[in-house]
Amino acid sequence: MSLFFQDALADLGRLSARKLDKTSRRIRKNLADVEWKMGLCLLAMVRTSGFRELGYATISEYGEKVLNLSGKKLSWLLGTAKALEHLPLLSQAFKKGEIGWGKVRALQSLATPETEREWLDFALKNSTDAVAKKVAMSPTQWKRHRALEASLRKEPVVSVQAVKAVLSKSVETSV
């Protein structure tokens with residue numbers, strides 16, 4: 001273990017549980033805000049073709065060489081930014097750190113402007129695992145038809161009532 005790491009860990013180890021919790025929560029909130037902003041920057045870079053202006057053939061090449069992002073992380077950030085553009089409640093909750101990366105990632109393909117309130121309320125009250133399981137048990141036609149894209153075309157494949165029905169079913173959680 002490096003001296004730098006040891007010193008940083010020792011400094012944190014001297015904090016009371018409450019102060020360590022407060023620090024962890026502040027860092028988590030900052031992390032959500034930074035991830036939100038990175039997604040927006042990448043989306044703007046794609047829409048303006050800024051990566052080409054900088055000499056990169058693809059956004060993936062730019063992301064990997066300049067930002068040290070894996071293709072998977074870059075793809076997730078871009079996909080999330082595209083979805084959150086149309087989901088203001090989820091976007092704000094994510095930016096503020098009220099819901100985390102895993103929950104947003106799970107919900108981005110199912111939530112629509114019409115149903116995002118229901119999904120967000122569920123996400124706020126449940127663990128990331130419970131949200132992922134609920135998304136997994138959601139009707140496959142919602143996923144197959146990409147609910148958000150259909151809603152944006154004014155062809156919603158799901159109603160608020162249908163989402164409420166799915167969310168009212170219990171999810172088994174493993175401990």
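The values are calculated or read from the model by the stated rules, or taken from the named source; none is laboratory data. Keep in mind the model is a prediction, meaning the values are calculated, not measured. Using ideal geometry, Cβ is built from the backbone for each residue, glycine included, and neighbour counts are taken over all protein chains shown. Ligands, DNA and RNA are excluded from the accessible area calculation, which covers all protein heavy atoms including side chains. Shrake-Rupley method; radii C 1.70, N 1.55, O 1.52, S 1.80 Å.
Condition first: closer than 24 Å to residue 94 by Cα and either among the aromatic types (Phe, Trp, Tyr) or in contact with a Leu (Cβ under 9 Å, 6 or more places away or on another chain) (or both). Now tell me which residues in region 46-59 satisfy that. Step through it out loud before you land on a result.
Keep residues of region 46-59 that are closer than 24 Å to residue 94 by Cα, which gives 46-47, 59.
Once the filter is applied, which keeps residues that are closer than 24 Å to residue 94 by Cα and either among the aromatic types (Phe, Trp, Tyr) or in contact with a Leu (Cβ under 9 Å, 6 or more places away or on another chain) (or both), region 46-59 yields 46, 59.
How many of the residues making up region 83-116 are open to solvent by less than 30 Å² (accessible area, probe 1.4 Å), over 21 Å from residue 30 (Cα atoms) and of a type in the set (S, T, N, Q)?
Residues meeting the conditions: 2.
Could you give me the residue pairs with C-beta distances under 6 Å whose first residue belongs to region 117-138 and is open to solvent by 50 Å² or more (accessible area, probe 1.4 Å), whose second residue is among the charged types (D, E, K, R) wherever it lies, and which are 6+ apart or on separate chains?
Note: pairs meeting the criteria are 128/103.
Which residue out of 42, 54, 31 is surrounded by fewer than 16 Cβ atoms within 10 Å (Cβ to Cβ), modelled with pLDDT of 95 or more and of a type outside the set (Asp, Glu)?
54
So, residue 15, is that one within 30 Å of residue 114 (Cα to Cα) and either within 17 Å of the chain's Cα centre (by Cα) or open to solvent by 30 Å² or more (accessible area, probe 1.4 Å) (or both) or not?
no
Keeping to region 108-127, report how many residues are within 13 Å of the chain's Cα centre (by Cα), part of a loop (DSSP other than H, G, I, E, B) and of a type outside the set (S, T, N, Q).
2
If the Cβ limit is 9 Å and pairs must be 6+ apart or interchain, which residue in region 15-37 that is touching a residue at least 12 places away in the same chain (Cβ under 8 Å) and in a helix (DSSP H, G or I) pairs with which residue that is surrounded by 13 or more Cβ atoms within 10 Å (Cβ to Cβ) and acidic (Asp, Glu)?
Matching pairs, first to second residue: 29/98; 32/98.
What do you reckon, is residue 81 in a helix (DSSP H, G or I) and in contact with a Cys (Cβ under 9 Å, 6 or more places away or on another chain)?
Against the criterion (in a helix (DSSP H, G or I) and in contact with a Cys (Cβ under 9 Å, 6 or more places away or on another chain)), residue 81 qualifies.
Can you tell me which residues in region 57-66 are surrounded by 15 or more Cβ atoms within 10 Å (Cβ to Cβ) and of a type outside the set (Asp, Glu)?
Within region 57-66, 59, 60, 62, 63 qualify.
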